[in-house]
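The values are calculated or read from the model by the stated rules, or taken from the named source; none is laboratory data. In this text, all values refer to a predicted model and were calculated from it rather than measured experimentally. A quick note on method: Cβ atoms are made from the backbone with ideal geometry, for glycine too, and the neighbour counts reach across all protein chains shown. Areas reflect the complete protein model, heavy atoms only, side chains present, ligands, DNA and RNA absent. Shrake-Rupley method; radii C 1.70, N 1.55, O 1.52, S 1.80 Å.
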Amino acid sequence: GKLGRYPPWPGKIVNPPKDLKKPRGKKCFFVKFFGTEDHAWIKVEQLKPYHPHKEEMIKINKGKRFQQAVDAVEEFLRKTKGKDQASSHNSTEEKNRRNSSEERGKQSAGEEKRKASLSEGKVKKGTGEGKKRVSSVSSERGSKSPLKRAQDQSPRKRGRPPKDEKDLTIPESSTVKRVMTGTVAGFKWPPSVSEPVKDSDPHFHHFLLSQTEKPAVCYQAITKKLKVCEEETGSTSIQAADSTAVNGNITPTDKKIGFLGLGLMGSGIVSNLLKMGHTVTVWNRTAEKCDLFIQEGARLGRTPAEVVSTCDITFACVSDPKAAKDLVLGPSGVLQGIRPGKCYVDMSTVDADTVTELAQVIVSRGGRFLEAPVSGNQQLSNDGMLVILAAGDRGLYEDCSSCFQAMGKTSFFLGEVGNAAKMMLIVNMVQGSFMATIAEGLTLAQVTGQSQQTLLDILNQGQLASIFLDQKCQNILQGNFKPDFYLKYIQKDLRLAIALGDSVNHPTPMAAAANEVYKRAKALDQSDNDMSAVYRAYIH
């Protein structure tokens with residue numbers, strides 16, 4: 001994929017786990033990032049000092065998590081300064097701490113590079129990098145060796161302990177060993193995207209990201225764009241318009257927002273709406289899920305009807321067609337709160353017939369309707385990096401601009417109601433089929449005596465390399481099937497995509513075959529695991 005950028009992030013050099021090997025080639029340090037459980041090997045030339053760039057970086061990244069990280073690093077520096085003044089018996093640690101303190105003032109060229117921050121490029125202002133945590137990497141050597149993957153690894157992952165990184169072939173470095181006895185604070189800077197793709201390896205960067213429980217946050221776009229697809233003489237054209245919205249700089253709509261459904265996707269969406277300053281009223285079938293968002297400033301709605309009646313624009317994100325219909329047509333449902341001017345945006349992935357029916361009943365009461373299913377997963381939802389496919393009321397689409405900017409990196413307007421549902425099903429059909437193929441390949445490798453890890457390494461060096469491929473393979477190799485996209489939902493989407501093909505007499509044999517494998521996985525109690533658990537359907 002295209003190279004992307006990470007926002008600057010404060011961190012410190014720490015001692016790596018004993019069983020974690022060191023990177024080969026250029027000097028690297030093991031960095032623990034403040035305010036998170038993230039960790040990564042970072043090359044020395046990608047490090048920048050904390051103090052000289054602190055104010056600039058705070059202006060660029062105004063997210064809540066980033067501010068917590070800055071608070072954490074300031075507290076760390078206060079404690080470190082106190083230890084420096086009080087301790088003199090440990091010469092090695094004292095020297096390193098003293099050096100780090102002095103260098104923050106001197107900005108000396110040598111040791112300064114050891115401060116934990118990536119910096120092979122400057123941050124472009126106004127392009128959304130402050131929000132985008134897009135996996136990328138720059139390399140000056142252009143080496144094609146798989147070992148190069150271990151050199152520039154991104155920290156934006158949390159969860160799995162560093163011991164899982166033992167697969168990395170990282171040799172010992174005496175310099176690294178010496179310096180890492182101390183701790184140094186600094187910013188992680190985004191790698192440059194100006195480097196030509198042929199001189200970099202965008203896949204090794206994904207490797208570390210997939211070492212932890214939550215997959216990476218990366219898809220292609222670097223800047224946020226609102227893309228409008230309009231029907232013109234039977235063909236679809238895409239019109240792109242750069243959004244000036246950056247994390248913290250979105251001007252939230254003054255309209256009251258409602259949100260129904262706080263599942264894997266809805267939770268992240270609501271969190272980002274609140275973070276960007278929107279007024280949000282929430283409702284969920286199991287009310288306890290609302291508590292966290294109430295603490296973050298959301299209001300509580302007792303029923304869907306109440307939320308719709310008290311809000312200007314109400315979003316919904318539920319599991320399937322039945323849930324979507326029940327939410328609108330059921331007792332105390334959305335329809336009871338609809339009156340002229342009320343707006344309803346359904347973000348659920350359903351079939352075109354369902355969404356068309358819902359649109360008709362909403363509009364019949366004087367309401368405005370937009371379908372806006374999202375492409376992504378839990379991590380992308382949490383990070384505001386979803387891709388939004390919208391169709392229906394064009395004016396409502398524009399009214400949702402600040403909301404879409406808060407929750408996603410790109411939005412598409414696809415015309416009349418039903419188009420987004422069809423497109424979303426096709427996207428997920430491709431994704432679900434690919435996931436089944438990955439599982440099929442990994443299991444075939446195993447039963448024929450081939451290394452699954454080597455298969456992944458080979459794929460990551462070829463044209464199939466992608467964040468999705470690497471993440472899902474890592475999940476499988478590590479036995480981590482924590483849901484990022486429920487298996488039961490990808491099977492539902494395959495089923496609906498096959499039905500879409502049936503409706504127009506179009507063959508979908510690949511999706512049909514994949515669907516059978518997912519059905520077997522469901523029979524093996526994998527429904528509530530991640531879609532990568534389809535792997536277990538192939539285990540004899």
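Pairs needed: first member in the stretch 293-321, assigned by the TED database to the domain that holds Met276; second member anywhere, of a type in the set (D, E, K, R) and part of a helix (DSSP H, G or I); C-beta distance under 6 Å; at least 6 residues apart or different chains.
Pairs that qualify, where the first residue is assigned by the TED database to the domain that holds Met276 and the partner is of a type in the set (D, E, K, R) and part of a helix (DSSP H, G or I), are Asp320/Lys492.
Kindly check whether there is at least one residue in the stretch 280-294 that is under 22 Å from the mean Cα position of the chain (by Cα) and open to solvent by 60 Å² or more (accessible area, probe 1.4 Å).
yes
Of everything in the stretch 524-540, what is in a loop (DSSP other than H, G, I, E, B) and either modelled with pLDDT under 95 or crowded, with 19+ Cβ neighbours inside 10 Å (or both)? Give them in sequence order. Give the steps one after another, and end with the answer.
Initial filter on the stretch 524-540 (in a loop (DSSP other than H, G, I, E, B)): 524-529, 539-540.
Listed by number, the residues that qualify are Gln526, Asn529, Ile539, His540.
Out of (1) over 30 Å from Pro340 (Cβ atoms); (2) in contact with a strand residue (DSSP E or B) (Cβ under 9 Å, 6 or more places away or on another chain), the odd one out for Thr454 is which?
Exception for Thr454: condition (2).
Let me spell it out: the conditions are (1) touching a strand residue (DSSP E or B) at 6+ places or on another chain (Cβ under 7 Å); (2) free of Cβ contacts under 8 Å to residues at least 12 places away in the same chain, and Ala445 meets all of them except one. Which number is the exception?
(1)
Conditions: (1) over 30 Å from Asn515 (Cβ atoms); (2) under 21 Å from the mean Cα position of the chain (by Cα). Pro331 meets all but one. Number of the miss?
It fails just one condition, (2).
Which one of the conditions (1) in the same structural domain as Lys492 (by the TED database); (2) more than 29 Å from Ser503 (Cβ to Cβ) does Phe468 fail to meet, given that it meets all the rest?
Looking at each condition in turn, Phe468 falls short on (2).
Looking at Asp484, Asp493, which one is in a loop (DSSP other than H, G, I, E, B), of a type in the set (Asp, Glu) and under 27 Å from Thr354 (Cα atoms)? Even if it seems obvious, please write down each step before you answer.
Numbers: Asp493 fails: in a loop (DSSP other than H, G, I, E, B).
Checking each option against the conditions leaves just Asp484.
Go over the candidates Gly501, Gly449, Gly441 one by one and state the one that is in a loop (DSSP other than H, G, I, E, B) and more than 20 Å from the chain's Cα centre (by Cα). Outline the logic, then answer.
Values: Gly501 fails: in a loop (DSSP other than H, G, I, E, B); Gly441 fails: in a loop (DSSP other than H, G, I, E, B).
Gly449 is the lone residue from the list that is in a loop (DSSP other than H, G, I, E, B) and more than 20 Å from the chain's Cα centre (by Cα).
Look at Ser348 and say whether it is in contact (Cβ under 8 Å) with a residue 12 or more places away in the chain, hydroxyl-bearing (Ser, Thr, Tyr) and surrounded by fewer than 24 Cβ atoms within 10 Å (Cβ to Cβ).
Working: in contact (Cβ under 8 Å) with a residue 12 or more places away in the chain: yes; hydroxyl-bearing (Ser, Thr, Tyr): yes; surrounded by fewer than 24 Cβ atoms within 10 Å (Cβ to Cβ): no.
Taking the combined requirement at face value, the residue does not satisfy it.
For the stretch 375-388, give me each residue that is out of contact with any Asp or Glu (no Cβ under 7 Å at 6 or more places or on another chain) and open to solvent by 10 Å² or more (accessible area, probe 1.4 Å).
At the first step, the residues of the stretch 375-388 found to be out of contact with any Asp or Glu (no Cβ under 7 Å at 6 or more places or on another chain) are 375-376, 380-388.
Those that are out of contact with any Asp or Glu (no Cβ under 7 Å at 6 or more places or on another chain) and open to solvent by 10 Å² or more (accessible area, probe 1.4 Å): Ser375, Asn382, Val387.
Could you list, in sequence order, the residues of the stretch 446-475 that are open to solvent by less than 10 Å² (accessible area, probe 1.4 Å), closer than 20 Å to Tyr518 by Cα and among the hydrophobic types (A, V, I, L, M, F, W, C)?
Leu469, Cys473 - these are the residues of the stretch 446-475 that are open to solvent by less than 10 Å² (accessible area, probe 1.4 Å), closer than 20 Å to Tyr518 by Cα and among the hydrophobic types (A, V, I, L, M, F, W, C).
Could you list all residues from the stretch 459-476 that are over 15 Å from the mean Cα position of the chain (by Cα) and either at pLDDT below 95 or assigned to a helix (DSSP H, G or I) (or both)? If you could, list the steps in order and put the result at the bottom.
Start the filter on the stretch 459-476 by keeping residues that are over 15 Å from the mean Cα position of the chain (by Cα), which leaves 459-465, 473-476.
Within the stretch 459-476, Leu459, Asn460, Cys473, Gln474, Asn475, Ile476 meet the criteria.
Taking Asp502 and the conditions (1) among the acidic types (Asp, Glu); (2) open to solvent by less than 50 Å² (accessible area, probe 1.4 Å); (3) within 30 Å of Ala391 (Cα to Cα), which numbered condition does it fall short on, given that it satisfies the others?
(2)
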